[in-house]
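Asker: This is the structure I have questions about; it appears just below.
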Amino acid sequence: MSGLESVLIKAKSAAKRGEIESARALYRQALDQFPRNKRLQAALRALDAPAPANGNAAQRQLDAMVEAYKSGRMEDAARLGAQLGEAFPHNYTIHNLQGAALLALDDLPAAEAAFWRALTADPKAAASSNNLAIVLKRQGKLAEAEEVYRKVAADNPDYADARYNLANLLEQSGRTDEAEEYYAQALRISPDYADAHYNLGNLKANRLLHADALAHLERAAQLRPAHSDAHNNMGSALFALDRVDEALAAYDKALGADPANTGAMVNKGKALVKTGELPDAIAAFRSALAVDPNDGGAHLYALFQEAHICDWSTRAEFARLPASSMDSVPPFAAFTFVDDPMHQRARSHAFAARTFAPDIAEVPAPAPSADGRIRIGYFSADFHDHATMYLLAGVLREHDRSRYAIHAYSYGPRREDDAMRAHLLAHVDSFTEIGGMTDEQVAARARGDGIDIAVDLKGFTRGSRSRMFGQRLAPVQINYLGYPGTMGHPAFDYFIADHVTVPSGSEFHFSEKIVRLAGAYQPNDDQRAIVPGARGRAGHGLPEDAFVFCSFNDTYKITPREFDIWSRLLGKVEGSVLWLFRTNTWAEGNLMREAEARGIDRSRLVFAPWMPHREHLGRLGHADLFLDSFAVNAHTTASDALWAGLPVLTMPGRQFVARVAASLVQAAGLPELVVSSEAEYEAMALDLASHPEKLRDLRGRLAERRAEAPLFRTADYTRRLERAFEAMHARRVKGLVPDHLDIA
């Protein structure tokens, strides 16, 4: 006789004697060895059948209850369960099924009571324990739910569901390391557990482990091809790995599985922006909006890309955006639509609350460096041929390395043959690639390096990883240069500005404390080379003898406000042209149509293609006057123009991003080109275009004073920045909280 047969005989004998718990224990012991044995499973179920004394009527009632549950009639199942439960108070099957029906009805207190009754009948019933924990969790009894999950997992080594549910609870509690381990345990028990692959993939994606995330999300999508979100999130992982074409294919599969998946539509739109297919991107955002008219994120993304192609037909919609656009889209996208610093702070605060972890980590102050230097950590994705590096290159070169240890942390593209990258490497104490690290790993590295001051050079701009500053990379953390506004989050202690960009009394527009540098907040490199153009005006499509207005701002900065004025100037200055930067063909077409609608021939607009930076600086000399945009000024572009000897006319607005050019123009020594109204802006431009001697005087002064202008004295600027670093560091060493600082 086999061991299994022996167990069956013993268990049946115990049941006949009324020793139900002994019989159940024998059956469970055998099931541990033979978990798929149908005879054992049936015998265990039979123990919980209604007692024969009640005859066929009770069995029919139980069958009716099971049928009601299977057909989705949960109220009937729960009612029948209540009746049967009174007649058979120790019957596990009745109480467990009643609990499941009540759980489906969201009657959580009653479901909890039913599962406790089931567990009283069979204390080792894993399914009831798991369901009880689900009920406890949904009632907010997280500690109790966790205790039940842990017990059922410990008692049932092969029960994947309990581990999966425990991982869910741990993840929602922010204990991601433990959650990851329990998802992994569930998958070791059941490798084809689609939901576990999906959740683990999302967890890894949130930790920026995109390759690992992709493997799990891809498996989830294979196991459940109709899982639209699995395809969508797989696309996001591919997009993060810069596999954009594959990401687009994944988004299409997500929409094939669920044509109403607005998240996939928005993500597809973002990928199409990356590939430069802006009308298709806009169509994707607008399709999401058609499905959900209250999707503020999709709406703002559409408006922002319409601004990039200078389609102004929908700009009025910005005022009607719902509150949901506040936290779902980086606040940078709203700059061009409204010049309101409080609006921008509200957007940054909402987006930061969604982006950063709820709690800011504490970091112990590092021990002073052995050589006495203050350790500065610059964090960016732009340590290559990028506007940020053109501005910062001189500071890196001029840093006093006897007093400051400079560390660079890069999470951008690895461009080893890039000249700006080579410049950086020559002027830092260390360079660390952190693109493959989690936020926690970056924090550990920065703390290990003893960083005293961590500088975020990205903020809420494309490719940002500012969220890692919530880990407290250093005791002092600064929002500097990359993002022209407040981060709206307490992880950042200071914002570096000047007296023009942040006038006295406007500090409340920032969550950070303001550090004002004398002169301008923006650094510049006074050793930037200018390659004179050999082609002349004609080589750039410009008239030889006519006045050339210029605005090389990105097209999203151009609005009807500026363009109305520019068109009137073209109409008043005979033969003049407007020289613009070529960003995309759709913007060119729309701007030419806008010009014609204002009575200006489209040939009066000339578009300049991209060229290497040094050559671009050289061609700027062919323009006569740079016309700034309003809500979002020229920043690096204005510095480029001034460095190349081209006067910049600007009108400061209210928000920081609308006041930068005024700061630069004043620091370059041309304060009369900072005007206070649109009327004055237009009159000044017309006057300069009509009086070439006035323009020659401005250009001559700019050329003569360039070497002495505060804007271009890189060594002096670097000393001011270092004094700011020293003041921030000193307050921290003394145990003082951050405060506003003025640095002469």
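Asker: Tilt of helix 278-291 relative to the longest C-alpha principal axis of the chain, in degrees (0 to 90, nearest 10)?
Answerer: Helix 278-291 and the main axis of the chain meet at about 40 degrees.
Asker: So what are the ³J(HN,Hα) numbers for the range 322-333, from phi and the Karplus equation (6.51, -1.76, 1.60; θ = phi - 60°), rounded to whole Hz, Gly and Pro as x?
Answerer: x, 4, 5, 6, 5, 9, 9, 10, x, x, 3, 5
Asker: Along the Cα-to-C-beta direction of residue 544, a point sits 7 Å from the Cα; which residues of the range 595-632 have their amide N less than 18 Å from that point?
Answerer: Answer for this model: 622-624.
Asker: Based on the Kirkwood radius over alpha-carbon pairs, what value in µm²/s does the Stokes-Einstein equation return for the translational diffusion coefficient of the range 538-712 at 37 °C and 0.692 mPa s?
Answerer: Values: Rh = 16.1 Å.
For these conditions, the coefficient is 204 µm²/s.
Asker: Moving to a separate point now. Tabulate in residue order the Karplus-calculated ³J(HN,Hα) for the range 671-685, using 6.51 cos²θ - 1.76 cosθ + 1.60 with θ = phi - 60°, rounded to whole Hz; enter x for Gly and Pro.
Answerer: My calculation for the range 671-685 gives x, 5, 8, 9, 10, 10, 8, 5, 5, 5, 4, 5, 5, 5, 4 Hz in order.
Asker: Taking the simple approach of a point 7 Å from Cα along Cα-to-Cβ for both residue 6 and residue 740, what is their distance in nm?
Answerer: Spacing of the two 7 Å Cα→Cβ label points: 8.7 nm.
Asker: In a shell of Cβ-Cβ distance under 15 Å around residue 735, excluding residue 735 itself, what net charge do Lys and Arg (+1) and Asp and Glu (-1) give? List each step's numbers first, then the result.
Answerer: Details: positive: 731, 732, 734; negative: 362, 452, 493, 739.
Around residue 735, the surrounding residues sum to -1.
Asker: When Cα Rg over 2.2 N^0.38 Å is calculated directly from the model, which label among (1) 0.95; (2) 1.15; (3) 1.24 fits?
Answerer: The listed entry that was calculated here is (3).
Asker: Now a separate question. Starting with the fewest neighbours, write out 116, 586, 610 ranked by other beta-carbon atoms found within 10 Å of each beta-carbon. Please report the intermediate quantities before stating the final value.
Answerer: Details: 116 14, 586 18, 610 10.
With the sparsest Cβ surroundings first, the list reads 610, 116, 586.
Asker: Another question, then. Scan the chain and report its longest stretch carrying no GluC sites (Glu not before Pro) that are both in a DSSP loop and have at most 12 other Cβ atoms within 10 Å.
Answerer: Details: sites that count: 362, 416, 544, 574, 708.
Longest site-free region, per DSSP loop and neighbour criteria: 1-361.
Asker: Enumerate by residue number the trypsin sites (Lys or Arg not before Pro) in the range 679-744 meeting two conditions: DSSP loop (anything except H, G, I, E, B), and at most 12 other Cβ atoms within 10 Å of the site's Cβ. Provide the component values of the computation, followed by the final result.
Answerer: Values: sites: 694, 696, 699, 701, 705, 706, 713, 719, 720, 723, 731, 732, 734; in loops: 706, 713, 734.
Filter output for the range 679-744: 734.
Asker: Do any trypsin sites (Lys or Arg not before Pro) in the range 482-556 lie in a loop, going by DSSP, with at most 15 other beta-carbon atoms within 10 Å of their beta carbon, and if so which? Mind dumping the intermediate values first?
Answerer: Details: sites: 513, 516, 528, 535, 537; in loops: 528, 535, 537.
Hits after loop and neighbour filter: 535.
Asker: Okay, next question. Need the C-alpha centroid separation for the range 446-479 versus the range 587-632, integer Å.
Answerer: 37
Asker: Which whole-angstrom value gives the distance between the alpha carbon centres of the range 700-735 and the range 326-395?
Answerer: If we compute the Cα centre of each part, the gap is 20 Å.
Asker: Report the charge-dipole magnitude of the chain in Debye, nearest 20, computed about the Cα centre from +1 at each Lys and Arg Cβ and -1 at each Asp and Glu Cβ.
Answerer: Values: 85 positive and 96 negative charges, 265 e Å.
The dipole magnitude comes to about 1280 debye.
Asker: For residue 625, which sequence-distant residues (separation of 5 or more, or a different chain) have an amide H within less than 5 Å of its own amide H, given hydrogens modelled in the peptide plane?
Answerer: The answer is 548, 550.
Asker: Using only helices, what value at 222 nm comes out for the chain when you add -39,500 (n - 2.57) per DSSP H run of length 4 or more and divide by the total residues, to the nearest 500 deg cm²/dmol?
Answerer: Values: 31 runs with 388 residues, N = 744.
One gets -16500 deg cm²/dmol as the mean residue ellipticity at 222 nm.
Asker: Continuing with this model, one more query. Could you tell me the center-to-center distance, by alpha carbons, between the range 71-128 and the range 679-695 in angstrom?
Answerer: 85
Bear in mind that the values in this text are calculations on the coordinates, not laboratory data. Just so it is clear, the structure is predicted and the values come from calculations on it, not from any experiment. Backbone-built Cβ (ideal geometry, glycine too); neighbour counts: all protein chains shown.
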